[in-house]
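Novice: Got a structure for you, written out below as structure tokens; questions coming shortly.
Please treat every number below as a calculation from the coordinates, not as lab data. The structure displayed is predicted, hence computed values, not measured ones. Counting neighbours? That spans all protein chains shown, and the Cβs are built from the backbone with ideal geometry, glycine included.
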Amino acid sequence: MTSIPGIASIWNVKRTNSFGITLIVLLILVGHSSTIHADSSPAVDQVESNLKMNASERQNVVNNMLAKPLTIKDAELVAFLNANNIYARYYDLQLHITDAQQGLAITNPSVGFGIIADRSNSRTELTIEQDLMGWILHGTKASWVDALTKAQIMEFSQAFLEFSTTLKKAYYSYLAAQEAHLIQANYADAAKATFDLQKRQYKAGTINELQLKLGEVTVQNTIFELQKSELTLAQLRLDLQLAMGLDPNQTEWKIEGKLREAVPKIPTLTELDTLIDTKRLDIAAIRFRITAEENRLDAQELQDKIGSLKAGFIVAQDIDGKKTISPKVEVGIPLFNQGQLSQSKKNQATRQLSETMEDAKLKAQYSVRKLVTQLEYEHQQIIQIKTHLIPLHDKVADLTQAHYNNLLAGTYALIESRQEELNARQA
């Protein structure tokens, strides 16, 4: 008798993949896959390393990597090399940093020239003066620029992390779809083989027309499911191709890898809340922006209190050629604006950013809790399916096969048991 081959678990492939994808999303929500080093960001280092190569060199590296099956690390590297949107954000980051640092530049001295004349005498004057406020405020402004730069680097790193996560989700979704499609194809082949046997049995008169037609329905259903699987596979392949930044016509590539069998440990909510507070890059960016805003307003307050301060000298020469050099000091008198509102502005700005940070934390905590609930549910389902449901249906299918081999069960009963087995795996 013909036996339908044992089928690996499509449901388990999909459920394990769903668990893994949910875990990836959870990791980005807590920022677990990135460590905060504001002065030396791995994201910035990666982009700068890529930009040392020109576009042609990067494309050659990509082509060489596509010549072999891609692991997840290979796919990430291809994506990073082709990451035009990340390069654009990097240059935007550099523009912001340059603009901020330009604010630290000491203003150039000013030079003035004049002629003073009356009926009896005239003289020429050359005035050279320097605005000293830039020197006085330089330290506070430097602290502001430093904190602002760190905030912008954190925001860039967050975008880089999200880019990496999108690539990983696309890779593992496509990998799972490949495995599921292979399983579906094997089942379709088995169904066709069984139907061929049924046709011979029908000619021999051992089964009736109804049993034959039921077998044909099973074959058509497996073909329909296989076509759906092919569509899903094609769509997920395009998603991964886009995530890697490949040209739409660059279709000659493969991936290799295996879905993780072991279910990783789910962190506790306390651990996740700690990670949110210490490793979330967007929250770290807000902290640096709070520091930057405090320093900026400190500089503004000092500027308002002092007003202006300039120093220089005057070189004068009268009509007889006699030269004199005199010092010059110019001090602003803060009669009207004495920085009365600067402290209020500082408090308001700090509170506004602090409330934004607390709101971001709260939303992250709720998002994490939703994902943890989903992970725990999927974890329990994986355990239930692996330890109870699949073994039970495997046993029923094996017993039906044995009865079929001993002429105690018909072909339709055998196909039905195998279909129920597959349904249990797909659930």
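Novice: For Thr373, Thr165, what ranking results if the residue with the fewest other Cβ atoms within 10 Å of its Cβ goes first?
Specialist: Thr373, Thr165
Novice: Could you work out the mean projected area of the convex hull around the alpha carbons of the stretch 87-154, in square nanometres to one decimal?
Specialist: Mean projected area for the stretch 87-154: 6.6 nm², to one decimal.
Novice: Let me ask another. Considering the alpha-carbon set of the stretch 240-334 alone, what are its Rg and its Dmax in angstrom?
Specialist: Rg then Dmax for the stretch 240-334, in Å: 32.6, 99.
Novice: Which value, to two decimals, describes the C-alpha radius of gyration of the stretch 192-293 once divided by 2.2 N^0.38 Å?
Specialist: 2.13
Novice: Taking 0.36 nm per residue of separation and subtracting the Cα-Cα distance, what length does fully extending Gln94 through Gln352 add?
Specialist: Using 0.36 nm per residue and subtracting the Cα-Cα distance, I get 90.2 nm.
Novice: If I stretch the segment between Asn121 and Leu259 completely, what's the gain in nm (0.36 nm per residue apart, minus their alpha carbon distance), one decimal?
Specialist: 40.1 nm
Novice: What is the order of Tyr202, Tyr90, Tyr377, fewest Cβ neighbours within 10 Å to most?
Specialist: Tyr377, Tyr202, Tyr90
Novice: Next question. Full extension from Leu182 to Ser110: what is 0.36 nm times the residue separation minus their Cα-Cα distance, to one decimal in nm?
Specialist: Result for the pair: 18.2 nm of gain on full extension.
Novice: Output the pairs from Lys168/Lys228; Lys279/Lys346; Lys150/Lys305; Lys169/Lys370 with a Cα-Cα distance over 20 Å in this structure; if there are none, say none.
Specialist: Correct reply: Lys168/Lys228; Lys279/Lys346; Lys150/Lys305.
Novice: Modelled label-to-label distance, Thr387 and Val315, 7 Å Cα→beta-carbon offset: nm?
Specialist: 9.2
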